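To start, the structure itself, in structure tokens.
The values are calculated or read from the model by the stated rules, or taken from the named source; none is laboratory data. Note that the structure is a prediction, hence the values are computed from the model and not measured. So basically every Cβ, Gly included, is an ideal-geometry build from the backbone, and we count neighbours across all protein chains shown.
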Amino acid sequence: MQSDEVIWQVIVNQGQCSYKVVTGNETFCRNKYNVTSLCNRSSCPLANSRYATVVEEGGAAFLCMKTVERAHTPATLWHRVRLDKNYSTALKQIDVQLTHWSKFLVHKSKQRLTKISQFLMRTRKLMQRRRPKQRTLPARQLKREAKRESKAQLAAQLEKTIEMELLDRLRSGTYDVLEPQEVKNVTENVRPNMNDLTGEKQRKHLELEYEGVNEVNE
């Protein structure tokens with residue numbers, strides 16, 4: 001046989017309650033079925049075999065009722081009744097379902113319904129507003145992209161250095177294969193074409209240019 005007073009004395013004296021939260025001035029209860037969120041004798045859903053509250057799930061309010069006849073079946077301990085979206089109709093439902101219940105539970109259930117209704121109303125209004133979506137980029141992805149960018153810059157700088165070195169050698173006469181006017185024409189033709197090529201394509205283009213110069217010399 002269930003004894004509500006024994007359960008409450010165990011909770012108060014021995015502190016065997018995982019839902020209790022003690023602060024500086026108040027003691028709160030984290031149980032979702034607590035009708036006031038306070039840890040006291042009249043509001044405790046564990047120490048009252050006959051209890052009623054209102055909870056919100058999936059954008060709807062439910063009236064949850066517990067009776068001593070259901071104490072032996074924890075899976076169906078709470079009888080749930082879905083309340084109407086209309087506030088006045090939901091209040092009438094609470095009055096009908098809790099006709100012979102204590103006035104304390106009826107009053108607190110209505111207060112909780114008011115709080116949940118206002119919360120759902122504000123939520124619907126916020127959902128209708130257009131707000132910019134914020135997206136986060138993974139830190140690893142940003143780091144990987146930064147490394148790739150730095151490597152690409154180094155590669156581009158290296159290719160450009162090689163190009164300038166080869167052209168300087170060609171102008172200075174290191175490759176004594178063409179006349180000065182022909183060297184000028186080659187460098188002028190290579191310079192605009194190099195702007196459109198990058199990386200490996202630049203290197204191959206230079207190799208083909210100088211191979212052509214060697215063939216002309218032979």
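In table form, for the structure just shown:
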{"item": "Single condition CYS44 does not satisfy, out of (1) in contact with a Cys (Cβ under 6 Å, 6 or more places away or on another chain); (2) modelled with pLDDT of 85 or more; (3) surrounded by 14 or more Cβ atoms within 10 Å (Cβ to Cβ); (4) outside the structural domain of LYS103 (by TED's automatic domain parsing)", "result": "(1)"}
{"item": "First in segment 156-170 and without any contact (Cβ under 8 Å) to a residue 60 or more places away in the chain, second anywhere and exposed (fewer than 13 other Cβ atoms within 10 Å of the Cβ) and of a type outside the set (D, E, K, R), Cβ under 9 Å, 6 or more apart", "result": "ALA156/GLY199; GLU159/GLY199; ASP168/THR174"}
{"item": "Which numbered condition VAL12 misses (of (1) in contact with a strand residue (DSSP E or B) (Cβ under 7 Å, 6 or more places away or on another chain); (2) surrounded by 14 or more Cβ atoms within 10 Å (Cβ to Cβ))", "result": "(1)"}
{"item": "Conditions (1) charged (D, E, K, R); (2) surrounded by 15 or more Cβ atoms within 10 Å (Cβ to Cβ); (3) within 38 Å of the chain's Cα centre (by Cα); number of the one not met by GLU26", "result": "(2)"}
{"item": "Yes/no for ASN31 being polar (S, T, N, Q) and within 31 Å of the chain's Cα centre (by Cα)", "result": "yes"}
{"item": "Lone unmet requirement of (1) in contact with a helix residue (DSSP H, G or I) (Cβ under 9 Å, 6 or more places away or on another chain); (2) of a type in the set (Val, Ile, Thr); (3) touching a residue at least 24 places away in the same chain (Cβ under 8 Å) for ILE116", "result": "(1)"}
{"item": "Residue check for TYR87: within 21 Å of LYS115 (Cα to Cα), of a type in the set (Ser, Thr, Tyr) and without any contact (Cβ under 8 Å) to a residue 40 or more places away in the chain", "result": "yes"}
{"item": "Boolean, ILE94 is surrounded by 12 or more Cβ atoms within 10 Å (Cβ to Cβ), out of contact with any strand residue (DSSP E or B) (no Cβ under 9 Å at 6 or more places or on another chain) and either touching a residue at least 12 places away in the same chain (Cβ under 8 Å) or in the same structural domain as LYS110 (by TED's automatic domain parsing) (or both)", "result": "no"}
{"item": "Test result for ARG131, out of contact with any Lys or Arg (no Cβ under 6 Å at 6 or more places or on another chain), surrounded by 11 or more Cβ atoms within 10 Å (Cβ to Cβ) and either in the same structural domain as VAL35 (by TED's automatic domain parsing) or modelled with pLDDT under 80 (or both)", "result": "no"}
{"item": "Some residue of segment 56-68 being touching a residue at least 40 places away in the same chain (Cβ under 8 Å), of a type in the set (D, E, K, R) and surrounded by 13 or more Cβ atoms within 10 Å (Cβ to Cβ)", "result": "yes"}
{"item": "For LYS204: the one exception among (1) at pLDDT below 80; (2) not in a helix (DSSP H, G or I)", "result": "(2)"}
